[in-house]
Each structure stands twice: as structure tokens, then as C-alpha cells.
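To keep things clear, I will list the structure first and then write my remarks on it.
Nothing in this text is a laboratory measurement; each read-out follows from the coordinates by a stated rule. Bear in mind the structure is a predicted one, so any value in this text is a computation, not a measurement. Please note: Cβ atoms are built from the backbone with ideal geometry, for glycine as well, and neighbour counts cover all protein chains shown.
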Amino acid sequence: MVGRDNFSNSVYPDSVAVLPGGTWSYTGGELGRLSSLQVQPSPLPGDIKGQHVLIIGEDLSAYRQNKLATPYLNWDLAKYDLKNLDNYEAVINVFDHFRKDPPDYIVDRENVVEKLFQRAPGLANQYEKTAIQDVYKRKK
């Protein structure tokens, strides 16, 4: 039989409870995993805010103070086009998305931009590398 003091730990080993007086009680190790889901600091400098950004990869932190450009938010879906640049249809898809909603900045964590620029020289002419690794800026 589970004693009164051990009931919450045995039945709900990772739980949060509100105690009388509005205080919180936490049992378990889940809080550490939840804190890893917080948005991390942006890889872009602090003065880049309110810009249209494309992040190629899993890290979405640059969207924190910026706006999504192109429909490529989810890397698992975006890689069907962005990792398949030997396919003509994929290049056309990417080019069309850039034309409709051009990013001011590209953060390339998957190293696909150089190949994209080889396949679509019209895009290459619109962007330049910045001093920040893997970050490209649209030319004005």
C-alpha cells in the first residue's frame, strides 16, 4: 500500500501540484526537458529585427523577432525541395517561393544555399554572404 506521503510520487512521478496558498510543488525531472524547448537566442545580430528571414534547418530562433519568408518553416518538409536541388522541379519551387516572398536574410544551417545559387543564378545575384557564418543578406 502506498502511504499518503509517497502517493503523488508513485502515482504521478513527474507532476506539478498547486498547494494551498497558491504555491507550486514539482516532483520529477521533466522540467529540465521542458526548459530545453524554450526559444534560444537568435543567431542574427540584435539590430536585425522585423526582417523577412528564411532559416534552413531545425533551429527556428531567428524567427523570434523576425518574420517568416517563404513557406519553408518546417525543415522536415522543406528539405524535399532544398535538399533535392538536382531535381529541376525542386529548383523551380524554391525559385518561385523566393520570388513571391523574398527573404531579407537566409540562415543556412544545412549548407544548401551554395548549391541553390549554382542552380538558380538569378537568386545568387540577389544575395551576399555576411560576416556571420551561414548567413546571407539580400542586396538592396
### Query
Within segment 52-138, what percent of beta bridges assigned by DSSP are antiparallel, to the nearest 5?
50
### Message
Binning at 10 angstrom from zero up to the longest distance, how are the C-alpha pair distances of segment 85-140 distributed in percent?
### Response
23, 61, 16, 0
### Query
What is the magnitude of the charge dipole of segment 80-121 about its Cα centre, with +1 placed on the Cβ of each Lys and Arg, -1 on the Cβ of each Asp and Glu, and no other charges, expressed in debye to the nearest 20?
40
### Residues in segment 55-79 that a label on Glu110 would reach, taking backbone N under 12 Å of a point 7 Å out along Cα→Cβ
55-59, 72-79
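Round to the nearest 0.05 the FRET efficiency obtained for Gln40 and Tyr80 when R0 = 25 Å and r is the Cβ-Cβ distance.
Efficiency for this residue pair is about 0.45.
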### Message
Using the crude model of +1 on Lys and Arg Cβ and -1 on Asp and Glu Cβ, and no other charge, please compute the dipole size for segment 52-138 relative to its Cα centre, in debye to 20.
### Response
240
